[in-house]
1. Return a yes/no flag: does segment 276-284 have any residue that is loosely packed, with under 15 Cβ neighbours inside 10 Å and either among the aromatic types (Phe, Trp, Tyr) or assigned by TED's automatic domain parsing to the domain that holds GLY225 (or both).
2. Specify which of the listed residues (LEU73, LEU23) is outside any loop (DSSP other than H, G, I, E, B), at pLDDT below 85, outside the structural domain of SER266 (by TED's automatic domain parsing) and surrounded by 10 or more Cβ atoms within 10 Å (Cβ to Cβ).
3. I'm checking my understanding of the structure. Among residues of segment 212-233 that are of a type in the set (S, T, N, Q) and under 27 Å from TYR272 (Cα atoms), which one is nearest to ligand 1 (Cβ to nearest atom)?
4. Please indicate, with yes or no, whether at least one residue in segment 190-211 is part of a strand (DSSP E or B) and within 23 Å of GLY273 (Cα to Cα).
5. Just to be sure I understand the filter: pairs with C-beta atoms under 6 Å, separated by 6 or more residues or on different chains, first member in segment 167-182 and free of Cβ contacts under 8 Å to residues at least 60 places away in the same chain, second member polar (S, T, N, Q). Which pairs pass?
6. What pairs can you find where one residue is in segment 277-293 and closer than 20 Å to ASP265 by Cα and of a type in the set (Val, Ile, Thr), the other is in a helix (DSSP H, G or I) and away from ligand 2 (no atom under 16 Å from the Cβ), and their Cβ atoms are less than 7 Å apart, with a gap of 6+ or different chains?
7. Give segment 379-433 a look and list any residue that's over 34 Å from the mean Cα position of the chain (by Cα) and assigned to a loop (DSSP other than H, G, I, E, B), or say none.
8. Given the conditions (1) assigned to a loop (DSSP other than H, G, I, E, B); (2) more than 18 Å from ASP145 (Cβ to Cβ); (3) touching a helix residue (DSSP H, G or I) at 6+ places or on another chain (Cβ under 8 Å), and given that ARG260 satisfies all but one, which numbered condition is not satisfied?
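The values are calculated or read from the model by the stated rules, or taken from the named source; none is laboratory data. Model, not experiment: these values are computed from the prediction. Cβ sites come from the backbone with ideal geometry, for glycine too, and all protein chains shown count toward neighbours.
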Amino acid sequence: MPAHPRRQLGHLIVTPFVTIGVLSAVLLWEVEHVGSVVLLLAIFVGALVVGIVVARGMRRDISRLTERYEGPLMIADEQSHQAEAANHLKDEFLFTLSHELRTPLNSVLGWSRLLASGKLDATQTKRAIQAIERAGWAQSRLIEDLLDVSQIVAGKLQIAPRPAAVQQVVETAVESLRSAAEAKHIVLRLSLDPSIGPIQIDPDRLQQVVWNLVSNAIKFTRRGGRVDVQLGTEGDQLCLIVHDTGIGFNAQVAAHLFERCRQGDSSSTRQYGGLGLGLGIVRHVVELHGGTVSASSPGENLGSTFEVRLPLRQAVAPLVSAPVAGTKPPSLRGVSILAVDSDPQALEFVRATLEQYGAIVVTASSAREARDRFEREPTDVVVSDLVMPEEDGLQLIRDIRKVDDALAPLTPAAAVTALARAEDRRRALSASY
Ligand SMILES: Nc1ncnc2c1ncn2[C@@H]1O[C@H](COP(=O)(O)OP(=O)(O)OP(=O)(O)O)[C@@H](O)[C@H]1O
Ligand SMILES: [Mg+2]
């Protein structure tokens, strides 16, 4: 059993001093009081022997201490390397994030400036508006991915399985990417097994999985390539295969493919955009469904294949088809709405949108102003932001409910907010939006 390291260290320091002290004292005493050369020699030889014994003991102590600290030192070294690597990844991710956020933003700012100049003709104006809309969607998807990842990290991402026609889910995701494939002259083929009946999945999340895999396949395939999407079953498993003839990947990239914030090429000279979040989200969602996802590639520039396998759980309830939107646009003619937002631009947008459908819109730029207005003259509906200075939208709805209690019935109220987490939704609902 090794001695306590502190004691061992104490021995290492004290023993040589004590030994040297005692031997010097004995020698001094001999020289001063006896003066015999023979005794001097005998003491000297004795001192040498004691010195050797002490030195050997010290060497043993030193090796024991080294052994004891070698393990922790190696672990500390390893941890410091890992921390350095994580720090490097974080810096790289922040750099990529700022670049990816700025790209659509630059497009929005550039096109809006051109629009404001009033020099664009009708065709250019249409193109400008389309470009702004595309950039807005790109940025919104990026933020959605970031939110999903933060939910995954916090262990809060949930799925809501319900009966769904899986072919329709896959088809919708693939078709939404067809124009992107066509723009690169990529042949996008879809093969669906029609015999699969309704199964128990979260259709929105599965659509996200398909979208991520197919958009990757299109992104990492050069012009004129091919992307094949196949949906079928194997035994008691649902099997989705996305194959492309694109850039493929080597073993080094394959090892980190499904890790969050990892990309095959994250250098500043990379050819492909993105944050490296898609496949991390795919894996998490697939695992939440009790399935697996794998990827393979024969090598660089030899294409790749991604395969998702999910347990085939037959739907436990009949399929509920989504309500089909009517051809007639909805009308809010004659409905009075109180719109509340501290941001004037956002407020103006809500007003313009609601007025388009014939609503009579009253606006307020703070919770207090909204409450005063509502108390003076209640509206048919309330639409409010949640985050506002001084009093927030949650407090506002509680105050409005007090007025409602006096008047009855409850005024329909909706929260319009950028707070998109499930807990924000819960908080808004429990405050009675
Ligand atoms: N079909 C594919 N062919 C070749 N490499 C791929 C393919 N799909 C993914 N990869 C590699 O895996 C990495 C991680 O993919 P992932 O979808 O997570 O991130 P991304 O597409 O780069 O960014 P994001 O999905 O956040 O927009 C990619 O950067 C790429 O190197
Ligand atoms: Mg991706």
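1. no
2. Values: LEU73 fails: at pLDDT below 85.
Being outside any loop (DSSP other than H, G, I, E, B), at pLDDT below 85, outside the structural domain of SER266 (by TED's automatic domain parsing) and surrounded by 10 or more Cβ atoms within 10 Å (Cβ to Cβ) holds for just one of LEU73, LEU23, which is LEU23.
3. Of all residues in segment 212-233, those of a type in the set (S, T, N, Q) come to 212, 215-216, 221, 230, 233.
Still in the running and under 27 Å from TYR272 (Cα atoms): 212, 215-216, 221, 230.
Details: ASN212: 6, SER215: 7, ASN216: 4, THR221: 7, GLN230: 15 Å.
Within segment 212-233, the match that is nearest to ligand 1 (Cβ to nearest atom) is ASN216.
4. Our first condition is that a residue be part of a strand (DSSP E or B); within segment 190-211, this holds for 190-192, 199-201.
Right, trim to within 23 Å of GLY273 (Cα to Cα) and you get none.
No, that holds for no residue.
5. VAL169/GLN207; ALA173/GLN207; LEU177/SER215
6. Within 7 Å, no pair qualifies.
7. So the first thing to find is which residues in segment 379-433 are over 34 Å from the mean Cα position of the chain (by Cα), and the list is 379-381, 399-412.
THR379, ASP380, ALA408, PRO409, LEU410, THR411, PRO412 - these are the residues of segment 379-433 that are over 34 Å from the mean Cα position of the chain (by Cα) and assigned to a loop (DSSP other than H, G, I, E, B).
8. Tallying (1) assigned to a loop (DSSP other than H, G, I, E, B); (2) more than 18 Å from ASP145 (Cβ to Cβ); (3) touching a helix residue (DSSP H, G or I) at 6+ places or on another chain (Cβ under 8 Å), ARG260 fails exactly one: (2).
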